[in-house]
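Here's the structure we're looking at; comments come further down.
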Amino acid sequence: MKKIMGIETSCDETAVAIVTEDREILSNLVLSQQEHIEFGGVVPEIAARAHLDHIDSMIAKSLTDNSMSFSDLDAIAVTAGPGLIGGVLVGAMSAKSIAAVHNIPLIAVNHLEGHALTVRLTDEVELPYLLLLVSGGHCQILVVEAIGKYKKLGGTLDDAIGESFDKTAKLLGLDYPGGPAVEKMALECTDHKRALKKFPLPKPMINKKDCNFSFSGIKTAVKRYVDQLPENIERQDAADICQSFQHSVNTVIKNKCARAIEEYLKLYPEHKNPCLVVAGGVAANKTIRASLENLCRDYRLKFSAPPLKLCTDNAVMIAWAGMERLKLGMTDDINFAVTPRWALDGDVNINNLTKKGTKR
Ligand code: KG4
Ligand code: ZN
């Protein structure tokens, strides 16, 4: 039975995991860096140094926890992008060293592919499936046609949805990361109707007949309310704004996913088990999960999402994407280059790009 180690260092989580071919998670270590809290956002240089401080001991722990050594690994998978390049480099160099010294295959994983494929580890989901990928840096609707083959149906024209949660939280003086903080605060809203009436927020592009999004206007509207309120915003006002914010983004997402479902069903009319998957950090939001689950019920589609702790960044998803690739013989050259930007659609071959020196 094959075992793969995954390494993830593309943002502010240092993560190491080991998964098996038969979908067992042997190790799932995630260190969420606390160094950024005082800045209200991730500081790339601090993140890279913190990854460097912790990665070796976490790799060692993942093995010793399982009484394993490097020779028990069949491959090593690592995030090669997109992300903060200093951190990605730390992970990639660790993985390359292990692959070189222990002579095991190396797999360069697109972080977004990690999010996209996690449900195949935790659930039975058939290809092609519709995917709403919502994280701190990305917001896209794609069809996962095959491993490494993605068809984009739409995406954000400005902010990613997680980013708009984070910015809203920052405006309200809530904790970082903002998504969980806004979700928690919204639960304190005692009157949904009052919240929407007192702090109505736009639902950008909701009537456009496509699968694209725009979230920056919602954040700007939140800023306008915050500017009008006293400096120490009353808790009930903050809760009402969070509730109204969540309502707006959720309504937009539901509407755009409905369009995407219609397009997907037209593209694959013969599909026996069509499915909508939501993945990425924002997929941890219970309101969004519940509303997409309802939408799928209306369309008689299967709904799937990773368990909450595998929605936000982790290395299980990287190890699993590596496993899917290894099974298809899709391993990578030790000279692969890391990349801060790497679109999921478009069949990018990271090895060819490296060799040709093409600018990504
Ligand atoms: O996938 P992820 O961990 O990192 C990226 O690849 O970006 O996503 C992080 C994003 C952050 O913007 C965070 O605020 C958001 O996911 N997030 C949430 C929730 N948990 C994390 N947004 C809304 N509700 C949540 N419960
Ligand atoms: Zn992510």
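The values are calculated or read from the model by the stated rules, or taken from the named source; none is laboratory data. Everything quoted here is computed from the prediction, not taken from an experiment. Neighbour counts are summed over all protein chains in view; Cβ atoms, including those assigned to glycine, are modelled from backbone coordinates with ideal geometry. For the accessible areas, the whole protein counts, side chains as well, though only heavy atoms, and no ligand, DNA or RNA atoms are used. Shrake-Rupley method; radii C 1.70, N 1.55, O 1.52, S 1.80 Å.
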How many residues does region 178-188 contain that are touching an Asp or Glu at 6+ places or on another chain (Cβ under 8 Å) and surrounded by fewer than 22 Cβ atoms within 10 Å (Cβ to Cβ)? 1
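Name every residue in region 18-40 that is in a loop (DSSP other than H, G, I, E, B) and either within 12 Å of residue 314 (Cβ to Cβ) or open to solvent by less than 20 Å² (accessible area, probe 1.4 Å) (or both), in order of residue number.
Initially, region 18-40 is screened for residues in a loop (DSSP other than H, G, I, E, B), giving 21-24, 33-36, 40.
Scanning region 18-40 gives 33, 36.
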Please go through region 1-28 and give me each residue that is under 16 Å from residue 118 (Cα atoms) and of a type in the set (A, V, I, L, M), ordered by number. 4, 5, 7, 15, 16, 17, 18, 19, 25, 26
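Taking the condition of a type in the set (Lys, Arg), closer than 15 Å to residue 285 by Cβ, in a helix (DSSP H, G or I) and open to solvent by 50 Å² or more (accessible area, probe 1.4 Å), does residue 170 pass?
Values: of a type in the set (Lys, Arg): yes; closer than 15 Å to residue 285 by Cβ: no; in a helix (DSSP H, G or I): yes; open to solvent by 50 Å² or more (accessible area, probe 1.4 Å): yes.
No: the conditions fail for residue 170.
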Odd one out for residue 261, checked against (1) within 24 Å of residue 145 (Cβ to Cβ); (2) at pLDDT below 95: (2)
Taking region 262-309 and keeping only residues that are within 12 Å of residue 141 (Cβ to Cβ) and either buried (at least 22 other Cβ atoms within 10 Å of the Cβ) or within 15 Å of ligand 1 (Cβ to nearest atom) (or both), one is left with 264, 276, 277, 278, 279, 280, 292
Sort out which residues of region 310-342 are within 16 Å of ligand 1 (Cβ to nearest atom) and open to solvent by 60 Å² or more (accessible area, probe 1.4 Å), and write them in order of number. 312, 340, 341
Checklist (1) at positive phi; (2) touching a helix residue (DSSP H, G or I) at 6+ places or on another chain (Cβ under 8 Å) applied to residue 103, failing item: (2)
Working only within region 194-245, note down all residues that are in contact with a Cys (Cβ under 9 Å, 6 or more places away or on another chain), within 16 Å of residue 178 (Cα to Cα) and not hydrophobic (A, V, I, L, M, F, W, C). 240, 243, 244
For residue 233, the lone unmet condition from (1) within 16 Å of ligand 2 (Cβ to nearest atom); (2) assigned to a loop (DSSP other than H, G, I, E, B) is (1)
From the options 15, 47, residue that is open to solvent by less than 10 Å² (accessible area, probe 1.4 Å), without any contact (Cβ under 8 Å) to a residue 60 or more places away in the chain, within 16 Å of ligand 2 (Cβ to nearest atom) and touching an Asp or Glu at 6+ places or on another chain (Cβ under 7 Å): 47
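This table checks each residue for (1) touching an Asp or Glu at 6+ places or on another chain (Cβ under 6 Å); (2) assigned to a helix (DSSP H, G or I); (3) open to solvent by less than 10 Å² (accessible area, probe 1.4 Å).
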residue	(1), (2), (3)
101	no, yes, no
117	yes, yes, yes
142	no, no, yes
145	no, no, no
158	no, no, no
163	no, yes, no
174	no, no, no
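Only one residue in 340, 269 is assigned to a loop (DSSP other than H, G, I, E, B) and under 25 Å from residue 13 (Cβ atoms). Which one? It would help to see each step written out before you state the result.
Numbers: 269 fails: under 25 Å from residue 13 (Cβ atoms).
Unique residue meeting the criteria: 340.
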